[in-house]
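Taking it in order: structure first as structure tokens, then the write-up.
The values are calculated or read from the model by the stated rules, or taken from the named source; none is laboratory data. All values derive from a computational prediction rather than experimental measurement. Note that each Cβ is placed from the backbone with ideal geometry, even for glycine, and that neighbours are counted across all protein chains shown. Ligands, DNA and RNA are excluded from the accessible area calculation, which covers all protein heavy atoms including side chains. Shrake-Rupley method; radii C 1.70, N 1.55, O 1.52, S 1.80 Å.
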Amino acid sequence: MTPSPGSPNVSPKSQAQNPKSVTSPLVPFALGLAAVVVLLVVFRLPAFLGLTLATLVVGIVTPEVPFAEVPAEMAAAFGEVMTAVGIPILMAALIGKSLMDSGAAERIVRAFLSKTGDERSEVALLGSSYVLSIPVFVDNVFYLLAPLGRSMYARTGTKYPLYVTVLSAGALATHMLVPPTPGPLAMAETLDVDLGLAILVGAAIALPMSAAAGLVYGHWLDRRLSIPLREAMGSTASTLEEKAATSLDELPGLGEALLPIVLPVVLIGANTVSDALGVEGGGLAAATGFLGEPSVALTGAALVAMATYYRTSGLGPAAFRDALTEALKSGGNIIAITAAGGAFGALLRTAGVGEYIAGALAEAGIPLLITGWLIGGVIRIAQGSGTVALLTGASMMAPLTGGLEVHPVYMMMAIGTGGLLFSWYNDSGFWIVNEVAGLTQGETLKTWSAANTVMALTGLGLVLLLATLLPMG
């Protein structure tokens, strides 16, 4: 926490030399929020430019960053996000383009609809995202399944807000609560919760929570919001509608269509399980570590998807190359926006906004489970990253779990559901959904961000109910 002006650790001389040293962490947060709203909402600047300028504002008033080092800190934070998401997003752009334009996404959608019917198509998307996000990061799940939602909308002509909401809810619920996803896995270790119990309780809370946000809220929103099918990830609305009218025998086979989705899930999932089991050394660990790294797994999926696209498109080599280049351009724009949003969140983390507010909450005498939920939520809102909210919240609450009258697994769940409280412009996931699904910022707030909040509130109620009925203390 940043020392206050009256702190004995800050001398009047040092205050005079560095005026930033007396700035409360709330100042960077308030000014950053104001900058984002003015630049993106009022002036409607391109998202990348607006976020970059807002990040500069936060850095300039953040005491922990010397004025001369603000550009370097911003560039470093931008680069960290770029390193993490650059190759996966570009490969996801190729996968999405290939799935959509080859008709593979349309083939998968028809297989879903043959089982569920048009009236329950959203259930298939919710279940798929819920299961896939246990071994695979939520952003990768969205890359893989968003083309199915878009193709399903092109075929049915209805329920696109619902499809985006169920994909968001299913993937987020298990990503935040169920090990071996890294955030919940680290929480279980920090709070000394048995891994098997964490998985069982996390899955039990995540399922109704995702249904409440995805199906109940999603249906409510769908009756009030219409989202047109726009170009996204290099695929146009007209191409999707054309594929929706294609006869089944002209589409790729189901196995071939599913392979670009199943392959990275298997590879990344194998690596996740290997890490969770503590497998170290030897050929198996090396193989799963290499093949299960998202950049490699998605590269393999892209090659498979591109092969199907080339076979079915009838394009010559030059035209095929040009089509893929257009998809990569779309992916590059998504990377730039995502990295800028991540840098904005990283500078807010450096300012210590989340810890400052969470520390005040921890001292307020609120019941411990609610305190854990509030701390997770405040940190998520303040700096954007759900995983950081989980890790920070767990480390702050771990010393206090001795005062719990219930099992510490409920503290883990309280922090995890709180970490869903709201996702906005400082969350790189917000921008991934915004760009990959072809949404406006307002539509992303009403689908993705609102689904986060509904799950957080529903999740808190479920945690308190379970802790009352089955305390296990």
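For region 343-371, which positions are open to solvent by 10 Å² or more (accessible area, probe 1.4 Å) and within 12 Å of GLY384 (Cβ to Cβ)?
Selection gives ALA346, ARG349.
Here's a check for you: in region 215-233, which residue that is closer than 19 Å to SER98 by Cβ and either in a helix (DSSP H, G or I) or open to solvent by less than 60 Å² (accessible area, probe 1.4 Å) (or both) is modelled with the highest pLDDT?
This residue is LEU229.
Can you work out which of the residues in region 293-323 that are outside any helix (DSSP H, G or I) and more than 29 Å from the chain's Cα centre (by Cα) is modelled with the lowest pLDDT?
Ranking the candidates gives GLY314 first.
Filter region 100-110 down to the residues that are in contact (Cβ under 8 Å) with a residue 60 or more places away in the chain and closer than 11 Å to LEU148 by Cα and list them by number.
MET100, GLY103, ALA104, ALA105, GLU106, ARG107, ILE108, ARG110 - these are the residues of region 100-110 that are in contact (Cβ under 8 Å) with a residue 60 or more places away in the chain and closer than 11 Å to LEU148 by Cα.
Any chance region 337-352 includes a residue that's over 26 Å from VAL265 (Cα atoms) and not in a helix (DSSP H, G or I)?
The answer is yes, given that some residue of region 337-352 is over 26 Å from VAL265 (Cα atoms) and not in a helix (DSSP H, G or I).
Looking only at helices (runs of 4 or more DSSP H) that fall completely inside region 374-452, which ones have 2 or more residues that are of a type in the set (A, V, I, L, M) and in contact (Cβ under 8 Å) with a residue 60 or more places away in the chain? Break it down stepwise before answering.
Details: elements: 386-397, 409-418, 428-436, 441-444.
By residue number, 386-397, 409-418, 428-436.
Yes or no: LEU221 within 16 Å of LEU148 (Cβ to Cβ) and touching a helix residue (DSSP H, G or I) at 6+ places or on another chain (Cβ under 6 Å)? Explain how you work it out, then say what you get.
Working: within 16 Å of LEU148 (Cβ to Cβ): no; touching a helix residue (DSSP H, G or I) at 6+ places or on another chain (Cβ under 6 Å): yes.
Taking the combined requirement at face value, the residue does not satisfy it.
Determine if region 193-205 includes at least one residue that is modelled with pLDDT under 95, out of contact with any Gly (no Cβ under 9 Å at 6 or more places or on another chain) and closer than 25 Å to LEU144 by Cβ.
yes
Exactly one condition in (1) farther than 25 Å from ILE335 by Cα; (2) in contact (Cβ under 8 Å) with a residue 60 or more places away in the chain; (3) of a type in the set (Gly, Ala, Ser) is not met by ALA93; state its number.
Tallying (1) farther than 25 Å from ILE335 by Cα; (2) in contact (Cβ under 8 Å) with a residue 60 or more places away in the chain; (3) of a type in the set (Gly, Ala, Ser), ALA93 fails exactly one: (1).
Could you list, ordered by first residue, the pairs with Cβ atoms under 7 Å in which the first is in region 75-90 and over 16 Å from GLN383 (Cβ atoms) and the second is open to solvent by 50 Å² or more (accessible area, probe 1.4 Å), at least 6 apart or interchain?
As it stands, the answer is LEU90/LEU328, since those pairs meet every condition given.
Within the bounds of region 184-197, is there any residue that is under 22 Å from SER428 (Cα atoms), part of a helix (DSSP H, G or I) and open to solvent by less than 10 Å² (accessible area, probe 1.4 Å)?
Within region 184-197 (the criterion being under 22 Å from SER428 (Cα atoms), part of a helix (DSSP H, G or I) and open to solvent by less than 10 Å² (accessible area, probe 1.4 Å)), the answer is yes, since at least one residue qualifies.
Could you give every pair whose Cβ atoms fall below 7 Å, whose first residue belongs to region 182-210 and is acidic (Asp, Glu), and whose second residue is assigned to a helix (DSSP H, G or I), counting only separations of at least 6 or pairs across chains?
none
What residue, of THR371, THR338, is touching a Ser or Thr at 6+ places or on another chain (Cβ under 6 Å), hydroxyl-bearing (Ser, Thr, Tyr) and over 16 Å from ALA35 (Cβ atoms)?
Answer to the check: THR338.
A quick yes/no check of all residues on (1) over 23 Å from the mean Cα position of the chain (by Cα); (2) farther than 23 Å from THR181 by Cα; (3) among the polar types (S, T, N, Q); (4) modelled with pLDDT of 90 or more:
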residue	(1), (2), (3), (4)
SER235	no, yes, yes, no
GLU241	yes, yes, no, no
ALA245	yes, yes, no, no
PRO252	yes, yes, no, yes
ASN271	no, no, yes, no
ALA276	no, no, no, no
GLY281	yes, no, no, no
ALA285	yes, no, no, no
LEU291	no, no, no, yes
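Any residue at all in region 349-363 that's at pLDDT 90 or above, among the hydrophobic types (A, V, I, L, M, F, W, C) and in contact with a Ser or Thr (Cβ under 6 Å, 6 or more places away or on another chain)?
Within region 349-363 (the criterion being at pLDDT 90 or above, among the hydrophobic types (A, V, I, L, M, F, W, C) and in contact with a Ser or Thr (Cβ under 6 Å, 6 or more places away or on another chain)), the answer is no, since none of the residues qualifies.
Within region 236-264, can you find the residues that are hydrophobic (A, V, I, L, M, F, W, C) and either in a helix (DSSP H, G or I) or surrounded by 19 or more Cβ atoms within 10 Å (Cβ to Cβ) (or both)? Before you say what the answer is, go through the steps one by one.
Keep residues of region 236-264 that are hydrophobic (A, V, I, L, M, F, W, C), which gives 237, 240, 244-245, 248, 251, 254, 257-259, 261-263.
Result: ALA237, LEU240, ALA244, LEU248, LEU251, LEU254, ALA257, LEU258, LEU259, ILE261, VAL262, LEU263.
Of the residues LEU469, LEU464, LEU457, which single one is in contact with a Phe, Trp or Tyr (Cβ under 9 Å, 6 or more places away or on another chain), open to solvent by 30 Å² or more (accessible area, probe 1.4 Å) and closer than 23 Å to VAL201 by Cα?
LEU464
Taking only pairs six or more apart or across chains, which ones have beta-carbon atoms under 6 Å, a first residue in region 336-355 that is farther than 11 Å from PHE29 by Cβ, and a second residue that is of a type in the set (Asp, Glu) and open to solvent by 10 Å² or more (accessible area, probe 1.4 Å)?
THR350/GLU64
May I ask you to list the residues in region 226-257 that are of a type in the set (Ser, Thr, Tyr) and over 20 Å from LEU162 (Cα atoms)?
Within region 226-257, SER235, THR236, SER238, THR239, THR246, SER247 qualify.
Within region 38-76, count every residue that is aromatic (Phe, Trp, Tyr) and surrounded by 16 or more Cβ atoms within 10 Å (Cβ to Cβ).
Of the residues in region 38-76, 1 are aromatic (Phe, Trp, Tyr) and surrounded by 16 or more Cβ atoms within 10 Å (Cβ to Cβ).
Suppose the filter is among the β-branched types (Val, Ile, Thr), modelled with pLDDT of 90 or more and part of a helix (DSSP H, G or I); does VAL65 pass it?
When the stated conditions are applied, VAL65 does not pass them.
Going by the conditions given, is SER295 farther than 17 Å from LEU148 by Cβ, in contact with a helix residue (DSSP H, G or I) (Cβ under 6 Å, 6 or more places away or on another chain) and either of a type in the set (D, E, K, R) or in contact (Cβ under 8 Å) with a residue 12 or more places away in the chain (or both)?
It is true that SER295 is farther than 17 Å from LEU148 by Cβ, in contact with a helix residue (DSSP H, G or I) (Cβ under 6 Å, 6 or more places away or on another chain) and either of a type in the set (D, E, K, R) or in contact (Cβ under 8 Å) with a residue 12 or more places away in the chain (or both).
Determine if region 160-172 includes at least one residue that is over 18 Å from the mean Cα position of the chain (by Cα) and in contact (Cβ under 8 Å) with a residue 60 or more places away in the chain.
Checking region 160-172: at least one residue is over 18 Å from the mean Cα position of the chain (by Cα) and in contact (Cβ under 8 Å) with a residue 60 or more places away in the chain.
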